[in-house]
Amino acid sequence: MDIQICKHYGELSAKAAELVGEQIKQKTDSVLGLATGGTPEGMYAALVDQYKNKQLSFREIKTFNLDEYIGLPADHPLSYRVYMDEHLFNNVDISEKNVHLPDGNATDLAAECDRYEERLRHAGGIDLQVLGLGHNGHIGFNEPGTAFESSTHIVDLDEKTREANARYFEKKSAVPRQAITMGIQTILSARKVLVLVSGTDKAEAVRDMIYREMTTSFPATVLQKHPAVTVIADEEAATHL
Ligand code: GLP
């Protein structure tokens with residue numbers, strides 16, 4: 001793993017946007033795997049700036065998001081689709097047909113998981129996957145115990161994850177109990193992976209991801225076997241490294 005430590009969150013965001021920007025410039029029809037959550041917000045803002053300054057175009061870029069809640073309407077303000085619209089898609093020249101998120105309202109959710117994998121395969125696989133890191137080691141919504149061989153699937157969200165995400169909802173009981181997520185194997189199939197970690201509350205998680213023995217109890221440890229992972233951590237998250 002290539003571990004890069006930045007002074008603060010602003011620097012982390014700029015560095016991440018620089019790496020994603022390089023990928024886009026190198027291959028203008030790249031397939032990007034994208035994450036939601038608080039951590040990548042600054043990266044998206046920096047990418048929008050690059051687009052506005054005419055340094056980048058998303059015209060041919062295809063995106064596949066890691067996950068989506070089950071049962072929230074697509075236009076719900078806390079759906080990941082709305083998050084992506086607000087932070088990136090509405091602000092750049094990406095084409096709607098190139099944007100992919102699992103449909104958490106599909107009538108046949110199991111078929112939707114297979115369809116998502118099929119769309120990914122059809123697009124040629126992910127060139128660069130951006131990841132955040134859950135406190136319990138989750139990547140996407142792959143909670144502890146998820147098989148490393150898993151493909152896109154339905155998950156019951158861990159109580160800790162629901163608590164962490166409750167900050168966005170009016171109350172914890174409003175946080176969905178299930179989601180669709182790319183599987184661990186789906187994530188490992190990406191040609192490159194970029195993990196972003198910020199804040200003291202993630203310091204133990206990032207240490208475990210890098211140094212703990214590979215275990216399904218802490219899903220992010222699986223990244224130790226991926227040949228092209230870059231971790232960008234700010235100094236607060238890097239205190240145990
Ligand atoms: C969420 C998301 C993940 C995200 C992670 C960390 O539950 N499903 O994709 O990476 O948790 O989120 P944050 O960056 O807000 O800490």
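Read the figures in this text as sums done on the coordinates, not as results from a lab. All of these numbers come straight from a predicted model, not from anything done at the bench. Cβ sites come from the backbone with ideal geometry, for glycine too, and all protein chains shown count toward neighbours.
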(message) For a quick check, take a GNM of the chain with Cα springs below 10 Å and name the residue from D127, D49, D75 with the largest mean-square fluctuation.
(response) D75
(message) Net charge within 10 Å of A237 by Cβ-Cβ distance, Lys/Arg positive one each and Asp/Glu negative one each, not counting A237 itself?
(response) -3
(request) Please grab the % of Cα pairs in the chain that end up more than 22 Å from each other. (result) 50
(request) Give me the net charge of G33's neighbourhood, meaning all other residues with Cβ under 12 Å from the Cβ of G33; Lys, Arg count +1, Asp, Glu -1. (result) +1
(message) So for segment 146-241, averaging the separation of alpha carbon pairs under 8 Å that are six or more residues apart and normalising by length, what relative contact order in percent results?
(response) 31
(request) Mind putting a number on the dipole of the chain about its Cα centre? Charges go on the C-beta only, +1 for Lys and Arg and -1 for Asp and Glu, and I need it in Debye to the nearest 20. (result) 400
(request) Using only the alpha carbons, work out the radius of gyration and Dmax of segment 22-93 in angstrom. (result) 12.6, 38
(message) Test of the criteria: in segment 121-187, which trypsin sites (Lys or Arg not before Pro) are in a DSSP loop and have at most 12 other Cβ atoms within 10 angstrom of their Cβ?
(response) K171
(request) Net charge near D85: determine it from the other residues with C-beta under 11 Å of the C-beta of D85, scoring Lys and Arg +1 and Asp and Glu -1. (result) -2
(message) Taking θ = phi - 60°, what integer Hz values does the Karplus form 6.51 cos²θ - 1.76 cosθ + 1.60 yield along segment 165-172, in sequence order, with x for Gly and Pro?
(response) 8, 5, 4, 8, 8, 5, 8, 4
(request) Just list whichever of K25/K62; K15/K54; K25/K202; K160/K202; K54/K192 have alpha carbons separated by over 20 Å in the model shown. (result) K25/K202; K54/K192
(request) Report, ordered by chain and residue number, the aspartates and glutamates lying within cross-link reach of K225, taken as a straight Cα distance under 12 Å and ignoring same-chain residues fewer than 8 apart. (result) E213
(message) Test of understanding: ordering H226, H138, H122 by Cβ neighbours within 10 Å, fewest first, what list do you get?
(response) H122, H226, H138
